[in-house]
Amino acid sequence: MLVLLGILAVFSFIFYLYGRFNDEKLCQLPPEAKSFSPERFTPELVCKAAQRFSESPVTVNNVLPPKTGRLYIVVGGAGFLGGWIVIQLLQRGEDPRRIRILDIRPPTRPDLKTGDAQKVAFFQVDISDQKAVSDAFQAPWPTSQNGTVPDSEEITVFHTAANIRFYERHIALLPRSSKVNCDGTRNVIDAARSIGVTALIYTSSGSISVRRSRFWLWPWETQPQYFVQVLNDDDNLIPKRHDDFFSNYAASKVLGERTVRAADKSSSGGKLLRTGCIRPGNGVFGPGGDILCGAYLVRKHNPTWVGHTLQSFVYVENCALSHLCYEQRLIELERGSTYPDIGGQAFTITDTGPPVTFGDVHVALNTLDSETVFPTFSTTAMLLVSQIIEALYLSRIFLLQSSSFFNRVIARLIPNITGDIVNLQPPLFALTSVHLIFDDSRARLPPSQGGLGYNGPFTSLTGLCKTADEYFKAGRNGEERSQAGGISFGFGLIRASRGVDKMQKKVNEQLHVETVDVLN
């Protein structure tokens with residue numbers, strides 16, 4: 001027994017030493033990444049930014065494309081990004097009766113349930129259901145005679161709905177993501193063609209170009225492969241093999257994007273359908289139910305091991321604006337513009353200014369709300385925990401699918417991984433433990449040079465100030481969706497799990513479908 005205890009002690013000590021050295025390699029900000037953003041946030045800098053925002057709030061009103069008077073269908077419009085697209089359409093003067101939301105659950109956001117937004121029609125739809133999508137697209141419009149759409153009416157579709165199962169990477173589970181992200185997207189395109197839609201903008205993801213890294217390093221390795229990734233619109237950067245994508249989410253979003261881009265210039269009810277895709281840089285955040293920075297404020301206690309990681313964030317109003325910019329470019333092409341034809345393309349977008357580290361975000365939110373804290377954990381230890389959780393998660397799934405009664409009995413002995421702890425699996429590291437710098441210079445070019453003319457007015461710091469400000473105005477109450485993001489390790493885990501489970505139960509009962517985290 002003493003010998004066994006001695007051996008265990010030796011192995012524990014070796015793993016401890018390995019973990020310390022591995023953490024040093026994983027928790028560095030290499031010079032090639034730091035050169036993009038050499039300055040870090042300080043409490044003083046954050047306080048000054050918050051004061052400036054309080055005295056002179058930043059808005060998108062002055063940079064919104066003009067009102068078009070078209071009909072609009074926003075797929076995923078009850079959610080986070082889709083909801084902001086609806087808000088911006090209303091801000092620029094579009095008639096709420098000429099806007100339609102399709103989503104898996106009704107709006108819960110206060111800004112979508114008050115004012116003109118409450119006049120927007122809502123259709124509860126699972127986009128993986130082809131007939132349901134078609135029926136919602138073809139439903140009568142209140143502003144037209146007999147509910148039919150005259151041939152002179154032009155229709156735009158914004159498709160933001162997605163199944164964000166970023167924690168799964170096994171190819172056998174890909175259908176869980178592609179059911180919505182690819183098949184659902186195909187249903188949206190088919191329904192759009194059936195009613196003569198002429199512009200369709202799809203929310204893709206910058207993460208489709210992120211390459212999976214290995215974080216268990218050999219003693220002679222100094223950093224993971226692909227530790228610093230500079231990404232832009234180049235399709236050649238997209239992985240060719242499934243195992244090179246960071247997760248099934250990215251692999252399925254690529255399929256959805258390709259489907260949308262292939263539909264450009266196709267026939268649509270006797271007209272021509274023009275399409276385009278927006279690839280938000282990693283980390284879309286802001287008020288209205290994000291699963292990143294807003295989720296930090298909701299949870300309060302946020303275990304972290306990625307403070308050093310530098311990434312390009314995207315404030316949600318900037319992201320929504322980019323969709324409207326792309327629509328405007330497609331409308332101009334439809335009207336005979338001589339600018340370069342950018343239909344069927346994909347544009348990366350991010351915030352104005354340099355990328356930030358997660359540590360910068362932590363400093364900002366802790367300065368703005370001292371109750372929001374970020375205890376630091378060992379990256380290597382959390383990586384080990386994540387692989388244990390993944391092993392349990394996959395074992396239970398595959399054993400439950402087995403034809404063997406004995407295997408199914410064993411599966412029920414394995415704990416069911418639910419709540420936000422399900423996020424703690426290896427793909428989380430492949431996305432958040434590498435430095436991701438997104439280049440959106442092409443999107444910022446003027447239309448005459450083949451760009452979108454995108455110029456988001458929010459820096460990431462200004463976006464964080466507004467996120468906190470809106471959180472305080474809401475009485476420190478966050479959207480249910482925010483409770484599903486990140487990791488809490490029991491610090492608010494019960495509350496978060498209950499919120500997520502309540503949402504899942506509600507969707508299951510109302511639509512009789514599997515809840516697949518259709519988060520927009």
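Of the helices (runs of 4 or more DSSP H) lying entirely inside segment 374-464, those carrying at least 3 residues that are within 23 Å of the chain's Cα centre (by Cα) and not acidic (Asp, Glu) are 379-400, 426-432, 441-444.
Has segment 55-71 got at least one residue that is open to solvent by less than 40 Å² (accessible area, probe 1.4 Å) and either basic (Lys, Arg) or touching a strand residue (DSSP E or B) at 6+ places or on another chain (Cβ under 6 Å) (or both)? Scanning segment 55-71 turns up at least one residue that is open to solvent by less than 40 Å² (accessible area, probe 1.4 Å) and either basic (Lys, Arg) or touching a strand residue (DSSP E or B) at 6+ places or on another chain (Cβ under 6 Å) (or both). Regarding segment 354-365, can at least one residue be identified that is assigned to a strand (DSSP E or B), closer than 28 Å to Ser205 by Cα and of a type in the set (A, V, I, L, M, F, W, C)? Scanning segment 354-365, I find at least one residue that is assigned to a strand (DSSP E or B), closer than 28 Å to Ser205 by Cα and of a type in the set (A, V, I, L, M, F, W, C), so the answer is yes.
Within segment 89-126, the set of residues being in a helix (DSSP H, G or I) and open to solvent by 40 Å² or more (accessible area, probe 1.4 Å) comprises Gln91, Arg97, Pro110, Asp111, Gly115, Asp116, Gln118, Lys119.
Of the numbered criteria (1) at pLDDT below 95; (2) closer than 22 Å to Asn318 by Cα, the one Gly76 fails is (1).
Conditions tested, residue by residue: (1) among the aromatic types (Phe, Trp, Tyr); (2) farther than 24 Å from Gly456 by Cα; (3) without any contact (Cβ under 8 Å) to a residue 12 or more places away in the chain.
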| residue | (1), (2), (3) |
| --- | --- |
| Gln88 | no, no, no |
| Leu102 | no, yes, no |
| Pro107 | no, yes, no |
| Leu112 | no, no, no |
| Phe123 | yes, yes, no |
| Ser128 | no, yes, no |
| Pro140 | no, yes, yes |
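Quick check on segment 127-142. Is at least one of its residues among the charged types (D, E, K, R) and open to solvent by less than 40 Å² (accessible area, probe 1.4 Å)? The answer is no; no qualifying residue exists.
Those residues that are part of a loop (DSSP other than H, G, I, E, B) and in contact (Cβ under 8 Å) with a residue 12 or more places away in the chain, I need them from segment 22-38; list them, please. Scanning segment 22-38 gives Cys27, Gln28, Leu29, Pro30, Phe36, Ser37.
For segment 43-88, the set of residues classified as of a type in the set (Ser, Thr, Tyr), under 21 Å from Arg109 (Cβ atoms) and part of a loop (DSSP other than H, G, I, E, B) consists of Thr59 only. Residues that are without any contact (Cβ under 8 Å) to a residue 60 or more places away in the chain and surrounded by fewer than 24 Cβ atoms within 10 Å (Cβ to Cβ) do occur in segment 311-334, at least one of them. Among residues that are within 30 Å of Phe122 (Cβ to Cβ) and assigned to a loop (DSSP other than H, G, I, E, B), Val133 is not included.
Checking each residue in segment 29-66 for being charged (D, E, K, R) and under 27 Å from the mean Cα position of the chain (by Cα) picks out Glu32, Lys34, Glu39, Arg40. Residue under question is Tyr226, and the condition is that it be touching a strand residue (DSSP E or B) at 6+ places or on another chain (Cβ under 9 Å), in contact (Cβ under 8 Å) with a residue 60 or more places away in the chain, within 30 Å of Ile155 (Cα to Cα) and aromatic (Phe, Trp, Tyr); does it hold? Here the answer is no, as Tyr226 does not meet what is asked.
The values are calculated or read from the model by the stated rules, or taken from the named source; none is laboratory data. All figures in this text were calculated on a predicted structure; none of them were measured in a lab. Virtual Cβ from ideal backbone geometry, glycine too; neighbours counted across all protein chains shown. Ligands, DNA and RNA are stripped out before the accessible areas are found, and what is left, the full protein with its side chains, is counted by its heavy atoms. Shrake-Rupley method; radii C 1.70, N 1.55, O 1.52, S 1.80 Å.
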